[in-house]
Amino acid sequence: MAAPREKLVVAHFMVGNTYPYTIQDWVEDITLASENGIDGFALNIGKEEWQISRVADCYEAARRARTSQPFRVFLSLDMTSIPGASVDDALLIRDHVSRFAGHPHQLRFIGKVLLSTFSGGKSRFGQKDLNSAWNFVKGVVEAAIHFVPAFFIDPARYPAVSSMDGFFNWNGGWSTRLTPQSPRHEIRMPRLDGDLVHLKHLGGRTFMAAVTPWFFTHYGPDSWNKNWIYRGDDWLFVRRWEQLIAMRDQIDIVQIISYNDYGESHYVGPIKGAQPNSQAWVDGFPHEPWLHLARYYARAFKEGVYPAIEADTIYMWARPHLKSAVTDDPVPRPRDWELTDDMIWVVVFAMAPAVVTTSSSDDGHDAQIVEVPSGVSKLSHQVDPKGSMRVRMERDGVLVAQCTPERHGFRFQERPGVYNFNVYCAMSGP
């Protein structure tokens, strides 16, 4: 009987946001990611020449970082940036992959160099079809490649694409099919069942699943012209983790989207480096509590059992203004803004049964008191646009945890300066 495959959790990392990075910056990110259950980075690289130098720094930082387990790295080719038309384009990819294939911190899967993509389903590299194209790329690399791309093609084509050793379902972490016209019962707690059709056609090949906490991007027509949301409500990050853990027998790798994609608001790491002109909706909106939250679920996915709750902890997040708020922003409200709800989303880790009080108003008149059992509880609370968000956890009349981001300056905005459908994340602590 074959040994069971290793279960891995990795994070998508935008190299394009690291222009000012030093090796020490990479060491800090690798150390923080490793402390929170992440085994490696999927380095999204584009065509700019400077990016491969930052990739080299990341591999070196993985060697220097003092992590409890070796931190591993692999390339995720951004084929919306890297040309894929000619043989020369394939040879450039060969050079990039070959440069790091023998590195001790290169992530190998089933003994081969792991290589992924974002897109690439239309790349031909001068070959006759998709399968021939990527077989050609794999063939010109001297190292053995385990190729797990995120092609946006009909899954029914997978049996004919033998160059794929697996598939990464990039869009699996969101319910991307929702529209404001969808029935309300479908919008609330939407199904995240997009993995099933891919698994059906893969025939047992490697499956990499996506987990993501949010999505909001706000670029106008004079920029990248990307301005929409996916519904991230209903404790999306936690619900998706729970789903992936329940079906872990069918999943080899979980990829967190993302560690540092600020432009799409789904970063879980610290805000650093060079933002892609996303400061208006990113600065002042930390997400690191999501990274801390991921540690618990990453361990459960890899070990097959949920770990014990080790500390009473409160996590919560909310958008900074009501979805109907009016601004002077020259870029309009994001498409599908109607899909989101004006709620505070709360996740409580309780070591034993406790009483949790949530409120949003300054005078506490809207306080909700809930008795929670030991373990993980998911709560929510309506936003008061004149207030902030506050959660207290008590046991036997003693305060054991509280989360009050107002102490750090967060309050809801009645008249925001820009449309911001990103979220402020907070967690209890000293």
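The values are calculated or read from the model by the stated rules, or taken from the named source; none is laboratory data. Being a predicted model, the structure only gives us computed values, none of them experimental. So basically every Cβ, Gly included, is an ideal-geometry build from the backbone, and we count neighbours across all protein chains shown.
If you take the residues in segment 27-48 that are of a type in the set (S, T, N, Q) and in contact with a His (Cβ under 7 Å, 6 or more places away or on another chain), which one is farthest from Ser68 (Cα to Cα)?
Here is the first cut: in segment 27-48, the residues of a type in the set (S, T, N, Q) are 31, 34, 36, 44.
Still in the list and also in contact with a His (Cβ under 7 Å, 6 or more places away or on another chain): 36, 44.
Working: Asn36: 11, Asn44: 25 Å.
Step by step, filter segment 27-48, then rank; the result is Asn44.
Which residue, of Glu338, Glu310, is surrounded by fewer than 24 Cβ atoms within 10 Å (Cβ to Cβ) and assigned to a loop (DSSP other than H, G, I, E, B)? Spell out the reasoning first.
Values: Glu338 fails: assigned to a loop (DSSP other than H, G, I, E, B).
Glu310 is the lone residue from the list that is surrounded by fewer than 24 Cβ atoms within 10 Å (Cβ to Cβ) and assigned to a loop (DSSP other than H, G, I, E, B).
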- Qualifying position, being assigned to a helix (DSSP H, G or I), modelled with pLDDT of 95 or more and either among the aliphatic types (A, V, I, L, M) or touching a helix residue (DSSP H, G or I) at 6+ places or on another chain (Cβ under 7 Å) (or both), among Phe207, Phe301: Phe301
- Being crowded, with 18+ Cβ neighbours inside 10 Å, hydrophobic (A, V, I, L, M, F, W, C) and within 18 Å of Gln255 (Cα to Cα), is that true of even one residue in segment 87-103? no
- Message: Among the listed residues Arg295, Arg299, Arg205, Arg248, identify the single one that is of a type in the set (D, E, K, R), free of Cβ contacts under 8 Å to residues at least 60 places away in the same chain, assigned by TED's automatic domain parsing to the domain that holds Asn171 and over 27 Å from Trp337 (Cβ atoms).
- Response: Arg205
- Message: Tell me the residue from Asp154, Asp129, Asp195 that is crowded, with 19+ Cβ neighbours inside 10 Å and outside the structural domain of Thr340 (by TED's automatic domain parsing), please.
- Response: Asp195
- Breaking point among (1) free of Cβ contacts under 8 Å to residues at least 40 places away in the same chain; (2) within 17 Å of Ala246 (Cα to Cα), for Glu186: (2)
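Tell me yes or no: at least one residue of segment 222-230 is assigned to a loop (DSSP other than H, G, I, E, B), closer than 23 Å to Val254 by Cα and of a type in the set (Asp, Glu). Steps first, answer last, please.
Within segment 222-230, the first condition is being assigned to a loop (DSSP other than H, G, I, E, B), and the residues that meet it are 222-226, 230.
Okay, now just the ones that are also closer than 23 Å to Val254 by Cα, so 230.
Of the ones still in play, those that are also of a type in the set (Asp, Glu) are none.
Within segment 222-230, none of the residues are assigned to a loop (DSSP other than H, G, I, E, B), closer than 23 Å to Val254 by Cα and of a type in the set (Asp, Glu).
Residues checked against (1) at pLDDT 95 or above; (2) more than 23 Å from the chain's Cα centre (by Cα); (3) aromatic (Phe, Trp, Tyr):
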position	(1), (2), (3)
Asp78	yes, no, no
Val97	yes, yes, no
Gly102	yes, yes, no
Arg108	yes, no, no
Gly120	yes, no, no
Ala144	yes, yes, no
Phe168	yes, no, yes
- Note on the structure: Residue pairs qualifying under the 7 Å Cβ cut-off, at least six apart or on distinct chains, with the first in segment 86-105 being closer than 15 Å to Asp57 by Cα and the second being in a loop (DSSP other than H, G, I, E, B) and not aliphatic (A, V, I, L, M), are His105/Pro70; His105/Phe71
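Going by the conditions given, is Thr340 over 27 Å from the mean Cα position of the chain (by Cα) and β-branched (Val, Ile, Thr)?
No, not satisfied.
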- Note on the structure: From the option list Gln51, Gln24, single residue qualifying as in a helix (DSSP H, G or I) and more than 20 Å from Pro70 (Cβ to Cβ) is Gln51
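So, in segment 60-74, exactly how many residues are within 21 Å of the chain's Cα centre (by Cα) and in a helix (DSSP H, G or I)?
1
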- By residue number, the members of segment 353-366 that are in contact with a Lys or Arg (Cβ under 9 Å, 6 or more places away or on another chain) and assigned to a loop (DSSP other than H, G, I, E, B) are Pro353, Ser360, Ser361, Asp362, Gly364
- Query: What pairs can you find where one residue is in segment 218-243 and under 23 Å from Arg295 (Cβ atoms) and assigned by TED's automatic domain parsing to the domain that holds Gly173, the other is part of a helix (DSSP H, G or I) and among the hydrophobic types (A, V, I, L, M, F, W, C), and their Cβ atoms are less than 7 Å apart, with a gap of 6+ or different chains?
  - Reply: Phe237/Trp290; Phe237/Leu293
- Take segment 157-183 and flag every residue that is surrounded by 14 or more Cβ atoms within 10 Å (Cβ to Cβ) and in a helix (DSSP H, G or I). Arg157, Tyr158, Trp170, Asn171, Gly172, Gly173
- Query: Looking only at segment 313-335, which residues are in contact with a strand residue (DSSP E or B) (Cβ under 9 Å, 6 or more places away or on another chain) and part of a loop (DSSP other than H, G, I, E, B)?
  - Reply: Arg319, Pro320, Asp329, Val331, Pro332, Arg333, Pro334
- Which pairs do you get when a residue that is touching a residue at least 24 places away in the same chain (Cβ under 8 Å), found in segment 261-278, comes within reach of a residue that is in a loop (DSSP other than H, G, I, E, B) and among the aliphatic types (A, V, I, L, M), reach meaning Cβ atoms under 6 angstrom, with the pair 6+ apart or on two chains? His266/Ile257
- Task: Might you let me know whether segment 358-367 holds any residue that is within 20 Å of Val238 (Cβ to Cβ) and surrounded by 15 or more Cβ atoms within 10 Å (Cβ to Cβ)?
- Result: yes
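For the condition surrounded by fewer than 16 Cβ atoms within 10 Å (Cβ to Cβ) and over 17 Å from Leu75 (Cβ atoms), what is the one hit in Glu186, Glu142? Walk me through how you get there before you give the answer.
Details: Glu142 fails: over 17 Å from Leu75 (Cβ atoms).
Selected residue: Glu186, the only one of Glu186, Glu142 that is surrounded by fewer than 16 Cβ atoms within 10 Å (Cβ to Cβ) and over 17 Å from Leu75 (Cβ atoms).
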- Give the residue that is nearest to the chain's Cα centre (by Cα), with candidates limited to residues of segment 348-377 that are under 20 Å from Tyr306 (Cβ atoms) and of a type in the set (Gly, Ala, Ser). Ser377
